[in-house]
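These notes concern the structure reproduced below.
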Amino acid sequence: MATRRPLLAGNWKMHGTRSETERLLSALTQALGGVNPAQREIVVAPPFSALETAARLLADTPIRLAAQNLHWEPHGAFTGEVSGPMLKEAGCTYVILGHSERRQYFAETDESVARKVRAAQRDGLLPIICVGESLEERESGATLAVIDRQIRGALQDPELDPELDQAPAALTGLVIAYEPIWAIGTGRSATPDQAQEVHAAIRATLGSLTSPATADATRLLYGGSVKPDTVDALMARPDIDGALVGGASLQADSFARIVNFR
Ligand code: PEP
């Protein structure tokens, strides 16, 4: 079985002017001083406008930068959009794609997420692909079918990339975040059992789309009201390889405790 280095990522959403970013990152780098980067990977995703500031502050640290979205074209007449090469130049390693807030408020679909995944791979960014069911879908027993559809939709769109089936290597390095919509920002986390069940199903889907080795090596994050007092039990489950953290990543001490899960 592959050893998967735990990945703890903070999604700041639309929080963080440049001065707030400076304050939060200087507190965070202090709080995380003792973390061994070989043992856990730390990622923060500030808004676009704070990426350069964050990149400068994090230059001599092992903390990596993620963007929260990209446009699939490298450049062009797309007012208000930001492309992969721009994010790369700003210092990003990762890009969060298909977050439920983007699906819900900005009409993102499995198809647009698939285009963005291809673009991230083309532009040398590692995608963190978000999937998750609504409360209604969970209560009607549709969770695993919804997640399976979202994973296949994001990774396998023959019209967009007929080669994908023959190129599982292209999927190496991507990260999937399972984020049940009913748990995001609500203070109501999925239980470790609920999260583990979905993560195991995601790994099985990845195995059928790629190869058992790729599925085994792919990191699966849980997201949805992860807090200092819930992270340890979640991280104890075999298929939970990290966390995507919203609210609790905006305070240095709570994010540091999450990174230092036991
Ligand atoms: C998120 O938005 O990715 C998230 C998980 O938010 P929160 O931790 O606040 O639920």
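The values are calculated or read from the model by the stated rules, or taken from the named source; none is laboratory data. Worth saying up front: this structure is predicted, and the values here are computed from it rather than measured. A quick note on method: Cβ atoms are made from the backbone with ideal geometry, for glycine too, and the neighbour counts reach across all protein chains shown. Just the protein is used for accessible areas: all its heavy atoms, side chains included, with ligands, DNA and RNA removed. Shrake-Rupley method; radii C 1.70, N 1.55, O 1.52, S 1.80 Å.
Here is how the numbers come out for the structure above:
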read-out: Separation of the A200 and N260 label points, Cα + 7 Å toward Cβ, nm; value: 3.3 nm
read-out: Solvent-accessible heavy-atom area per residue, rounded to whole Å², over the chain at 1.4 Å; value: 45 Å²
read-out: Helix-only [θ]222 nm of the chain, DSSP H runs n ≥ 4, -39500 (n - 2.57) each, per residue, nearest 500; value: -11000 deg cm²/dmol
read-out: Separation of the A77 and R18 label points, Cα + 7 Å toward Cβ, nm; value: 3.1 nm
read-out: Interchain or long-range residues, amide H under 5 Å from L97's placed H; value: I128, I129, C130
read-out: Rounded if a/c under 1.5, otherwise prolate or oblate - segment 119-262, Cα gyration tensor axes; value: prolate
read-out: Unit charges on C-beta of K, R, D, E only; dipole of segment 7-259, Debye; value: 600 debye
read-out: Solvent-accessible area, 1.4 Å probe, carbon plus sulfur percent, for segment 7-259; value: 52 percent
read-out: Karplus (6.51, -1.76, 1.60) ³J(HN,Hα), θ = phi - 60°, over segment 79-85, in Hz, Gly and Pro reported as x; value: 3, x, 9, 10, 9, x, x
read-out: Separation of alpha-carbon centers, segment 187-244 and segment 26-40, rounded to whole Å; value: 23 Å
read-out: Sites D148 and R56 - FRET efficiency at Förster radius 41 Å, r taken between beta-carbons, to 0.05; value: 0.50
